[in-house]
1. Amide H to amide H, which residues 5 or more places from Ile195 or on other chains are under 5 Å from it, using H placed in the peptide plane?
2. Where Rh denotes the Kirkwood radius from the mean inverse Cα pair distance, what is Rg over Rh for the chain?
3. If you plug each phi of the stretch 122-136 into the Karplus form 6.51 cos²θ - 1.76 cosθ + 1.60 with θ = phi - 60°, what whole-Hz ³J(HN,Hα) values come out, in order, with x for Gly and Pro?
4. Which entries of Lys256/Lys359; Lys101/Lys233; Lys154/Lys383; Lys101/Lys410 have Cα-Cα distances beyond 27 Å here?
5. DSSP loop chymotrypsin sites (Phe, Trp or Tyr not before Pro) in the stretch 334-419 with at most 13 other Cβ atoms within 10 Å of their Cβ, which ones?
6. Determine ³J(HN,Hα), in whole Hz, for all residues of the stretch 334-347 in sequence, where each value follows from phi through the Karplus function 6.51 cos²θ - 1.76 cosθ + 1.60 and θ = phi - 60°; x replaces Gly and Pro.
7. What full-extension length gain, to one decimal in nm, is calculated for Asp441 and Glu194 as 0.36 nm per residue of separation minus the Cα-Cα distance?
8. Among bridges DSSP assigns within the chain, what percent are antiparallel (round to 5)?
Amino acid sequence: MKSLLLSSALAAGMYIAVAAGTASHAQAADLTLCWAAWDPANALVELSKDFEAKSGNKMHYEFVPWPNFADRMLNELNSGGKLCDLLIGDSQWIGGAAENKQYVKLNDFFDKEGIKMDDFIPATVVGYAEWPKNSPNYWAMPAFGDVVGWTYRKDWFSRPELQAEFKKKYSRDLAVPKSWDELIDIARFFQGREIDGKKVYGAAIYTERGSEGVTMGAMNALYSYGFEYQNPKKPYELDGFVNSPDAVAGLEEYKKLYDCCTPPGHSDAYMTQDVDAYKSGQVALQMNFTFTWPGINADANVGGDKSGYFPNPAGPKGVQFAQLGGQGISVVAASDKQQEALDYIKWFSQPEIQQKWWKLGGYSALRAVVEDPSFASSQPYAKPFLDSMAIVKDFWAEPAYASLLQASQKRFHDYVVANQGSAKNALDGLVKDWQGVFQDDGKY
C-alpha cells in the first residue's frame, strides 16, 4: 500500500476550496439520502444537521436493513427511480452503476471544488470510487471505510490459569494470532470450555447463504492463503488462480474453523448474529466488519478493557489480506436535485466534518483524519482499523457482480456448511460458474 503521508498544504488547500463553496443556493431543497439501516447511518443523521443549518436544505433518509439493502437499492437504480438523490452504495455496485449511467461522474465536480482523491486512503479510492478500477474515473467519494477484522475476549486471554494451560499445550503465549493456524488453535482452545460457570465456544464467523455472508467470510482465509480472482497478467483468466492449490487450502482452512469451533446453530450467520454471539459472552473470537467495533467497545458486558481488536491474520506463506467493506457516496443520475446533492458531498468532504464523522462513530477515509498523530490512540480500535485497511482486497466490482456473488455463495455454503464435496470441487465449480457469467457478459 502506498504511503499515507499527507502534507498540511494539501489539507489546507482542500479546506479552503471546500469552504469557499459552501454558500447555499437561493432556493432550499429537500434531499433524500439512501443507505443501509445501521448505527453509522444514525451517526450520519446527527452529523448532517450541520449541513442543513448551513445550506438551508432539508435532509430526508431512506435506510434499509442490510438483508434487503442491495435488492431495494439496485432495483431503485435499475428502474430509474427518483427516491434517492444521494446513495451510499456498496463497493461492488460501482461498475454496474457507472456503465449503466446510474451515478453522476464526479471528475469535473472534484476538479472544480479542489477535492483530490489523493487525499483519501488509496484502497478506498480504488474500492469505492473508481471504474474502471485503477483509472482516474470517479463515480463516488469514499464515505465509510470498512474491512473485516477480528474481536477477541482480552479479559479471557489474560487469565493466568488459561495462559499457563495454553502455553503448556501450544508452547507459545495466548495472544493475538499472527496466522490462521494460530487463530484456529485459539478457537479450539476455547471451544466447549467453561468460563465463569458458562459453556463458551471458539469463534463466530460468517456462514450466511442468502445475501453475501459466507463469501465475505471465506474470502479472508482464501486471500491470506494466496487466492487470486484472475491471472494478474490476463484479465478474466480464472482457471489455475481461483482454484489454485493455495486457494483450495484457504477454503479448507475456513471449513476447518467452522467445523471445529463455532457455536451451536451458527450455520446461517452474518453481521448481526456474530455480534449477538460475542456480546452475549458465547465466543472468544468474533469475525466482523470493523463498523461493529465502536458498539463492542461501548457495550456494558464486553466493552472497554474486556475486548481487543486485530486484523485478519496471515496465511502459511506470510500473505495477509482482508475483505474490504465500506461504501462511497454518489449522486444518483435520475435525481432532479443533482446540484444540491453535490453541495452535500462538498460539505461532507471538509476535513473538519470528516473529523467529526470519526468522533460520532463513522469511519472516515480522509487521510487528514486517519494520519493525524492522535488518531491511532483516539480509540482502542483505531490502530487495528488502520492496519486492516492497509491489507484490503475486494470482491468483483463488475456489472455482473450479483451473479458472481450468487455463485460463490452457493459453492462456499455447500462446501463449508452443508459438507458437500471438497474444496477443490467447490472452486473448480466456481471457475465454471464465473466463466459462464463473464461469457454472458461479453468478457470472453
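1. Residues meeting the amide H criterion: Val200.
2. Result for the chain is an Rg/Rh of 0.97.
3. x, 4, 6, 5, 4, x, 9, 10, 8, 7, x, 4, 6, 10, x
4. Lys256/Lys359; Lys101/Lys233; Lys101/Lys410
5. On the way: sites: Tyr344, Trp347, Phe348, Trp357, Trp358, Tyr363, Phe375, Tyr381, Phe385, Phe395, Trp396, Tyr401, Phe412, Tyr415; in loops: Tyr363, Phe375, Tyr381, Phe395, Trp396.
Passing both the DSSP loop test and the Cβ count: no residue.
6. 7, 5, 8, 10, 5, 5, 5, 5, 5, 4, 5, 5, 4, 4
7. 83.6 nm
8. 65 percent
The values are calculated or read from the model by the stated rules, or taken from the named source; none is laboratory data. What you see is a predicted model; the values in this text were computed from it and never measured. Note that we place each Cβ from the backbone using ideal geometry, even for glycine, and neighbour counts take in every protein chain shown. Note: accessible area is taken over every heavy atom of the protein model, side chains too, but ligands, DNA and RNA are not part of it. Shrake-Rupley method; radii C 1.70, N 1.55, O 1.52, S 1.80 Å.
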